Structures are given as C-alpha cells and as structure tokens.
Amino acid sequence: MSSATHWTPKPPRPAPVHTVGVRGWIRTNLFATPSDTLLTLVAMAVLYLTIDTLVHWAYIDATFSGANRDACLKAVQGACWPFVDAKLGQFIYGRYPELERWRVDLVFASGVIGLIPLLIPAAPFKRANVIYLLGFFPVFAFIMLTGGRFGLEPVETTDWGGLLVTLVVAITGIVASLPLGILLALGRRSQMPIVRSLCIGFIEIFRGVPLITVLFMASVMLPLFLPDGVNFDKLMRCLIGVALFSSAYMAEVVRGGLQAIPKGQYEAAAALGLGYWKSMRLIILPQALKLVIPGIVNTFIGLFKDTTLVLIVGLFDLLGIVQFHFTDASWATPETHITGYAFAAFVFWVFCFAMSRYSIFMENRLSTERD
Amino acid sequence: MKKLVEMCVQRVALVFAVCVSTLNFSFAAGETLAVVQERGYVKCGVSQGLPGFSNPDDRGNWNGIDVDLCRAVAAAVFGSDENVKFTPLSAKERFTALQSGEVDLLARNTTWSMHRDTALGVDFTGVNYYDGQGFMVLAELGIKSALELDGASLCTNLGTTTELNAADYFRTNGMTYEIVAFEKADEAVSAYNAGRCDAYTTDQSALYAQRLKLTDPKAHIVLPEIISKEPLGPVVRQGDDQWGDIVQWSHHAMVNAEELGVSSANIEAMKTSKNPNIRRLLGLDGTFGDNMGIPNDWSYHIIRTVGNYAETFERNVGKDTPLGIARGVNALWKDGGLQYAPPIR
C-alpha cells in the first residue's frame, strides 16, 4: 500500500486583462469586430442627438412655473410644464366636481389595495381577495363614483373625464372581456350547432367592424331606436360596446390556446371521468390560458390604448381632455400641444409598460418547462 | 357590387330619415320648453373645444361666446345662468344629438347654410358670430389688404372649401397665387410658421386662434377682408317655434342691450330709465316674456348674468383676450357691422 499523493491542481491563472472589467466588457460587447464598432458609433451618435434634444426640450429650455401662456413664450422655448401643472386636476378627474374628488381617490385607493396582494403570488387569502375585488369593489366603485345614494352628491358621467374615464373604460373592458372571451372561445369549439353558430356570428361581427363604428352606433344610433324617455347613460353605452368588442378579440386569443392543447389531454381528462366543465376548468383551461398570456396581455394593452377612441362620442378620456384643454386660449403657445401630448404619452406608457412587465413575470412563474 | 353598396347605403339612409322625421313629430310646439322647465336646466350642445367659442378654463368651467348664448337662454327661462349643462359634441354627431333630444339647442359654431336649414329637420335662429375666410400675413411685409397678395403662396388645408374659396377670390381679382396644401391644420400652421408660404388662410376666428401657436404671435396680422360667408349661429329642432323664439330673442336681447347702452354693470340703474325701449327690454313694460311662456323679466336676467353682446364678445374673443379679435363685421349695424336685432316692441 503506497500512500497516495494527492494531486493538487495549480490555482487558475487570472483571465487575460483585456477580457475582464469594464474595458473587457466594452471590448467584447461593443467593439469586437469592425462592423460592431461601426454600429456602436452610429448608435451612440443617434442616442446623443436624441437625448440631447430631449433634455434641452424637457429640462434646460423648459418652463417650470407660471400662471398663463406668457410664461411659455421665451425665444428658445422647451416644454411648457406649468400648463400640465395648472390642468393636472382636469387631466386626472375631468370635470368631476372638485369637492367630490376624494371619492375618486378613495375608489382608486381601495382598488389598489385589492389589486396589489392579488398580483403578488405569495400573498395569502387569494379567495377572499378575489371576492373583494370582483364582488365588493365594483359595487363600491359604482356607488362612490356615481353617487345619489347614502347622502352622496350625484355626479353625472358626463362630468367624468381624464384618467378616470380611461381607467374605468379600460378596467371594465379588461375585467369583462376575459370571462366573456373564454365562454365565446369554448362556444366556438362546441359540438352544439346553435351555440357554435351564435358564437361564431358574434365574434366575426364584432371583429369585422372597427371599434369606432361600435362606439358610434352605441352612442348615436341607439338613442334613435329607443322609445322616448328611455335614455341609457352614454358612458354605460360605451362600456358595453368596448366590453363586447374586446371579448370578441379575447375569444380568438383563448381559442388559439385551446387548439394548442394536445388531444391526449382531452382524452386523459375524459378517462379520469371528468365532465365537460370539470375537464375544462381543471385540465384544459389552466394549460391553454398559460400558453396565451402574451396574447391576452397584448389584447389588454391594445384595449387600454383604444380607450382614447371614446373621444369620438364626446367622452373625454385622458388624451381627449388633454387635447380639449389645448383650446384654452390663455394657455395657447407653440409648445403647449407638444407638452400635453408628451405628458399623455408618458402616462399611457407607464400603464402599458407595467402590464407588459407583469405579464413577463407571470410567464416565468407559471413556466413548467425546465431551463 | 358598387350598385349594391349604394343601394344598401340608400336603404340605411332612408330608414334613418324616417326615424328622424318620426322623432321630429314627437317634439311639437311648446314641448321643448315644458321638458326643459320640468327638468330644471337647459341642455346645450357645444363644441369639443374651440378657443373663444366654447373652451374650458383651468378648473374645467366652460367659457366662450357660444357658451354665453346657452347661459343666456338658461337665464331667460330660469332667471339664473347656472341652470344649464353643456354636452360637447363632435361635428359628426351634432345634428343627431339635437334631433334625438339629447340637447335642447346647439350653440356649436355651426355655419348656417340652406342645406342644413331645409334638409336636416333643424332651424337656425340667428347669427351670434359672423365668420368667414381670411388671411394672415407677417406684419413686417407691410401688407394692409388681401388685394395686395398678388403672387403670394398660401398655406391651407387640403381639399377643403378654403382652397376653392381662395382660388375664386384670386381669379376674380386677377391675381396669381400658389397653394401649399396640408392634410392637417397643425401642419399648415407649422409650415407657415417656418416661412414656407407668405400667407395662411382659413376661417378668421381660427386664424386668430392659430396665431397663438406661432413663435411670435405679435409679428403676424389678420387682414381685414373676408372672402366667404360663414354665419355661425344657434340651432334648434324644427317644429317647436316657441322654443326657437326663446333662443332667437335671447340673442336679440343681448344685441338690443348693447345698442341701448344697457350692460350688466349699469342694469340696476337702468331700471329707473324713462326710455320706453329700455323699459320694454328690461320687462318693465309689456308682456313679451308671457308671449313666449317664460317670465316677463327674461331679458333683465340675461343682461344681469351674461351681459350684453359687447360684453360677451370682449370677454371671450375681444381685444383684451389672448385671441384679440376686433369687432369688425360683428360690430353693431350702427357702427358699420352686421349685428342687427329687430326691436322689442
């Protein structure tokens, strides 16, 4: 027995200097080949020009305080931020009475309180949370926003506006379109001929016309056919129109997911003795919906941006009310509308980007594939 | 195929027209006033924002010359200009909204034309602003009249009547010109601002509004000539003459008040006036309100709350507002303008 001598490897030599640290990273990622170098330089030039212009416009040449248009008439004028500042209340609440705005704030806060724990997978009490958000919250929001009960001052929906209308239309559309869309998708794949043709008809009609047409019909034509004295609320008509329209799109997204599920899954569910609804709820839909999360969120984001079309029927969403306030002569300057559009674009971007990031998070969490 | 589409369109239009005409029957004489009084406020259709005519202030309140007309009607009916609600309407939906009863009157910078007055089941009750196409040029060019624009290049909107009106005007006066047309008003204004053309042409009220968006508004002037007729006025449903009278005379009361020198500032003092015209205007003599189904002091409340025509003009579009529009053709007939109201007698 000879005592085995342990072989000990030499410690590894450090990586070559030119591949580590900031220099190494720059070298491998930005200037690896001549064409990389060229692209990097062009990209940097474009970035410099864009950012330089943007910083000059939004900050260096911008005006930050003032009471009217006179503040924004410098020789070199950037953004006219006092316009946004003066109109901010209008942009958020529209013509909702100032004394009643706390009601909107309260609804918004209670919505956020319900939504955040629902979005965090680790948070407990999911079932109670869903009941709160889908059962209690809509009723609470409706009573608080419209008023007329419990001593609350009634506020007509014609006075609503700005971000409030955008969120009401978008959230109603999103919440209503998912269950409706799932039902329509299932109906379209159903074996029952009447259900199937009804679903196909509904989907194809609503997908076949532009949203503007749906809104216009709901707002202008509908009152002509209704008997005298029967008058639906205009916002309500739009909400129904938007919900029906987006559920037709959602149905097609969900159907895409259903078609991607292999037949074996259906057969396996049947072999377990599950009925139609149970197999859908426990086996098919969880897999199908997970597959189409990007498509669903895509529809949500599209819907959120489509809310601006309610302007055509005289409702002022965020973009509508920003444009509306361009017509205030006491703020009319060459930069006013650019500033207003920049503000509206930023708000829309924040919401859409948040939705997009959350969808990526959910996709990763629900992914059952091994990396 | 094209024929088929045309036929379908015609059918739809027919159904639509029948609906509209049956609805018109449901608004018989006197009914609008009764509905308004029952409801407690006037529903007034306005624009979705037009500087000086109907636009919001920082707190979302409506301002403007059209808005003031709505408030005047409310003051005539209820004695308070607060009893009015405004419905912003797009150009497309304005007449349908009026016909379907969604609004009681339109004060929405609507041009009075024969087609609209005769074919759409609506009635125009007067002209609260005489608009028309004009020209804007750089002040430093020293041009004082549109007749000096020979050889000029004109920025304007593509395919509108504006373009045709300009063509007619230049041909009639034997001048040459060059059109630089753009899809949108904003593009045309930026092009003019950047010096792409010598003059910018559109309706005068819009010229004044667009001028505010130029880099140096004071360097530009609006030439006095008006080359087209765009009489803007309030509109009511056809068939209810009583309501039409109320809207019509609300405007006339303001014009008559200016002519007689009665304003919101001096109206209390004017109550002791011996002038029979003023006494009739303020409802002290006669039963003019009764004849329309409203209180006899209807015009007193209009002038007390909204003011006379000069007041609403100067407050919303006049010299001291950012728009800075001169009275021009909207001056009283005595001062060489077109604003003329029949006497209250």
So which of A:Gly302, A:Gly257 ends up being loosely packed, with under 14 Cβ neighbours inside 10 Å and within 22 Å of the chain's Cα centre (by Cα)?
A:Gly302
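Every residue, every condition in (1) in contact with a strand residue (DSSP E or B) (Cβ under 7 Å, 6 or more places away or on another chain); (2) farther than 30 Å from B:Thr118 by Cβ; (3) of a type in the set (Asp, Glu), yes or no:
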site: B:Lys229; (1), (2), (3): no, no, no
site: B:Pro234; (1), (2), (3): yes, no, no
site: B:Asn266; (1), (2), (3): no, yes, no
site: B:Pro295; (1), (2), (3): no, yes, no
Looking at B:Asp335, B:Asp320, B:Asp290, B:Asp285, which is the one that is free of Cβ contacts under 8 Å to residues at least 60 places away in the same chain, within 21 Å of the chain's Cα centre (by Cα) and more than 25 Å from B:Pro56 (Cα to Cα)?
B:Asp335
Of the residues that sit in the stretch A:357-371 and are assigned to a loop (DSSP other than H, G, I, E, B) and not β-branched (Val, Ile, Thr), which one is nearest to A:Gly78 (Cα to Cα)?
A:Ser367
Taking the stretch A:296-330 and keeping only residues that are under 30 Å from A:Pro286 (Cα atoms), touching a strand residue (DSSP E or B) at 6+ places or on another chain (Cβ under 7 Å) and either basic (Lys, Arg) or at the interface with another protein chain (Cβ under 9 Å from one of its Cβ atoms) (or both), one is left with none
A:Leu215 is checked against (1) within 23 Å of the chain's Cα centre (by Cα); (2) over 30 Å from B:Leu89 (Cα atoms); (3) aliphatic (A, V, I, L, M) and fails just one. What number does that condition carry?
(2)
Subset of the stretch B:273-315 (residues that are outside any helix (DSSP H, G or I), of a type in the set (D, E, K, R) and closer than 17 Å to B:Ile246 by Cα)
B:Asp297
Single residue of the stretch B:63-107 satisfying the filter (more than 10 Å from chain A (Cβ to nearest Cβ) and assigned to a strand (DSSP E or B)) that is surrounded by the fewest Cβ atoms within 10 Å (Cβ to Cβ)
B:Val84
Filtering the stretch B:272-293 down to residues that are surrounded by 14 or more Cβ atoms within 10 Å (Cβ to Cβ) and farther than 18 Å from B:Arg345 by Cβ yields B:Gly293
Find the residue count for the stretch B:236-255, including only residues that are of a type outside the set (A, V, I, L, M) and more than 21 Å from B:Gln99 (Cβ to Cβ).
4
Kindly indicate whether any position in the stretch A:343-356 is buried (at least 18 other Cβ atoms within 10 Å of the Cβ) and either more than 15 Å from the chain's Cα centre (by Cα) or in a loop (DSSP other than H, G, I, E, B) (or both).
yes
Mind checking which residues of the stretch B:233-260 are outside any helix (DSSP H, G or I) and closer than 27 Å to B:Ile278 by Cβ?
B:Gly233, B:Pro234
Residues within the stretch B:259-271 that are within 26 Å of the chain's Cα centre (by Cα) and surrounded by fewer than 24 Cβ atoms within 10 Å (Cβ to Cβ), tallied:
7
Checking A:Val104, A:Val84 in turn, the sole residue that is away from chain B (no Cβ under 11 Å), more than 21 Å from the chain's Cα centre (by Cα) and touching a residue at least 24 places away in the same chain (Cβ under 8 Å) turns out to be A:Val84
For B:Thr110, indicate whether it is crowded, with 21+ Cβ neighbours inside 10 Å, outside the structural domain of B:Val255 (by TED's automatic domain parsing), of a type outside the set (A, V, I, L, M, F, W, C) and assigned to a strand (DSSP E or B).
no
Across the stretch A:54-97, what is the total count of residues that are more than 30 Å from B:Thr87 (Cβ to Cβ), among the β-branched types (Val, Ile, Thr) and modelled with pLDDT under 90?
3
Could you grab me the full set of residues in the stretch B:52-62 that are over 22 Å from A:Glu98 (Cβ atoms) and more than 7 Å from chain A (Cβ to nearest Cβ)?
B:Phe53
Take the residues in the stretch A:64-77 that are facing chain B (nearest Cβ under 9 Å) and among the hydrophobic types (A, V, I, L, M, F, W, C), then tell me which one is surrounded by the most Cβ atoms within 10 Å (Cβ to Cβ).
A:Leu73
Counted residues in the stretch A:78-109 being surrounded by fewer than 18 Cβ atoms within 10 Å (Cβ to Cβ) and more than 30 Å from A:Phe140 (Cβ to Cβ) come to 1
When you scan the stretch B:39-51, do you find a residue that is touching a Pro at 6+ places or on another chain (Cβ under 7 Å), at pLDDT 90 or above and within 13 Å of chain A (Cβ to nearest Cβ), even just one?
yes
Filter the stretch B:95-149 for residues that are of a type in the set (S, T, N, Q) and closer than 21 Å to B:Leu33 by Cα and give the result.
B:Thr96, B:Gln99, B:Ser100, B:Thr125
Can you tell me which residues in the stretch A:49-72 are touching a strand residue (DSSP E or B) at 6+ places or on another chain (Cβ under 9 Å) and either assigned to a loop (DSSP other than H, G, I, E, B) or over 13 Å from A:Thr336 (Cα atoms) (or both)?
A:Ala62, A:Gly66
When the stretch B:233-252 is examined, which residues are found to be farther than 14 Å from B:Cys70 by Cβ and in contact with a helix residue (DSSP H, G or I) (Cβ under 8 Å, 6 or more places away or on another chain)?
B:Arg237, B:Gln238, B:Gly239, B:Asp240, B:Gln242, B:Asp245, B:Trp249
Can you name the condition, by its number, that B:Asn128 falls short on among (1) more than 19 Å from B:Ala91 (Cβ to Cβ); (2) in contact (Cβ under 8 Å) with a residue 24 or more places away in the chain?
(1)
Taking the stretch B:192-212, which residues are surrounded by fewer than 20 Cβ atoms within 10 Å (Cβ to Cβ) and within 13 Å of another protein chain (Cβ to nearest Cβ)?
B:Asn193, B:Ala194
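The values are calculated or read from the model by the stated rules, or taken from the named source; none is laboratory data. No experiment lies behind these values; they were computed from the predicted model shown. In this analysis, Cβ positions are derived from the backbone assuming ideal geometry, glycine residues included, and neighbour counts consider all displayed protein chains.
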